[in-house]
Amino acid sequence: MKGFFNIIKGIFIGAGAIVPGVSSGVLCVIFGIYEKLLDSVLNFFKDIRNNLKFLFPIALGVGIGVLLFSNILNYVLYEFPIQTKSIFIGLILGTIPSLLKEVNTKQSFHPQNVIYLLITLIIGIVTVILENRMAIQTNLEDINGIYLIFCGIMMSLGIVVPGVSSTIILMLLGVYSVYLQAIANLYWVVLIPIGIGLVLGSVIVMKITKRLLEKYYAQTFYSIIGFTIGSVFVLLPQGMNGIEILLSGLCIILGIYISHIPNAIKNFKTSKIFKTITVFKKLHSRSQTEEKDLWNKEKYSIIFDIKNVN
């Protein structure tokens, strides 16, 4: 069941890699797998079995999300932009308290850490302004493989760093439309070089992020939270009327509610009710096993007695 949910998470992460304004890193933070993902990738060969068990469903979901469901998500964003964006905003806002709780649990709160949050929040807002004004395009004929590898490396920043949109990076580099066409038509001449750069860049950025989390955990995590909050401004619907504002507010509340479901499941698993149910299941299973063993003993005893009589 956990593997199935990781596939679902991977689908959203993959779709987020190509949908304008959505950061895959933010989705990893929302789903609560960001740090574990870093550990599993960077320490893959230290525990291949468990890391593969965790990473494979996510990677499978990412592939499905990029190749299939990204078009569906794009359709939903186009047809129902206010509802979809508002739900995403709710998911992000609903996750912030748990992120703050997590970082303050591991390290005590220091007011100066808020500065890092504000800096990355401002960076996130600036990227929104840039993304809204980007119109740089490059023809496929003008792009070579080396440049596409470089684009993949730069794109990894948007994949790994929460709140940094990979779309703005590709727009700045002038290959966003080419990238979308390559995915739609499975144009491997473009996808393979970008994929190589993406893998190389992701490993480098992950190592840097991991080192920062190890040495400057609170500062780095507050920076991540700042980027995450900044992504709200990317998704904020524009030009709404009164009814649309009300609809947006309801969808935000729905998104916040959905964001609490994983924690609710986690809390239920540690609750007395869940533990009691687990104990009863074990007792029931044990009683069935004991009855089966007793029946086998009686069966063999009867067979032995019959043989003796004969």
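The values are calculated or read from the model by the stated rules, or taken from the named source; none is laboratory data. Note that the structure is a prediction, hence the values are computed from the model and not measured. As a convention, Cβ positions derive from the backbone with ideal geometry for all residues, glycine included, and neighbour counts pool all protein chains shown.
What is the residue count in the stretch 228-246 for residues that are more than 14 Å from Val114 (Cβ to Cβ), modelled with pLDDT under 85 and in a helix (DSSP H, G or I)?
Result for the stretch 228-246: 7.
With a cut-off of at least 2 residues that are at pLDDT 85 or above and surrounded by 16 or more Cβ atoms within 10 Å (Cβ to Cβ), name the helices (runs of 4 or more DSSP H) lying wholly within the stretch 1-82.
2-16, 34-42, 48-64
One line per residue, one yes/no per condition, for (1) under 22 Å from the mean Cα position of the chain (by Cα); (2) at pLDDT 75 or above:
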site	(1), (2)
Ile87	yes, yes
Ile92	yes, yes
Pro97	yes, yes
Ile122	no, yes
Asn132	no, no
Thr138	no, no
Met155	yes, yes
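Within the stretch 157-197, restricting attention to residues that are under 17 Å from the mean Cα position of the chain (by Cα) and not polar (S, T, N, Q), which residue is modelled with the lowest pLDDT?
Only one residue fits best here, namely Gly163.
Could you tell me which residue of the stretch 224-244 is farthest from Ile96 (Cα to Cα), considering only residues that are surrounded by 22 or more Cβ atoms within 10 Å (Cβ to Cβ) and polar (S, T, N, Q)?
Here the residue is Ser231.
Quick one: Ile253 ticks every box in (1) closer than 28 Å to Leu100 by Cβ; (2) at pLDDT 85 or above; (3) β-branched (Val, Ile, Thr); (4) exposed (fewer than 14 other Cβ atoms within 10 Å of the Cβ) except a single one, so which number is it?
(4) is the only condition that Ile253 fails.
Might you let me know whether the stretch 106-114 holds any residue that is at pLDDT below 70 and in a helix (DSSP H, G or I)?
no
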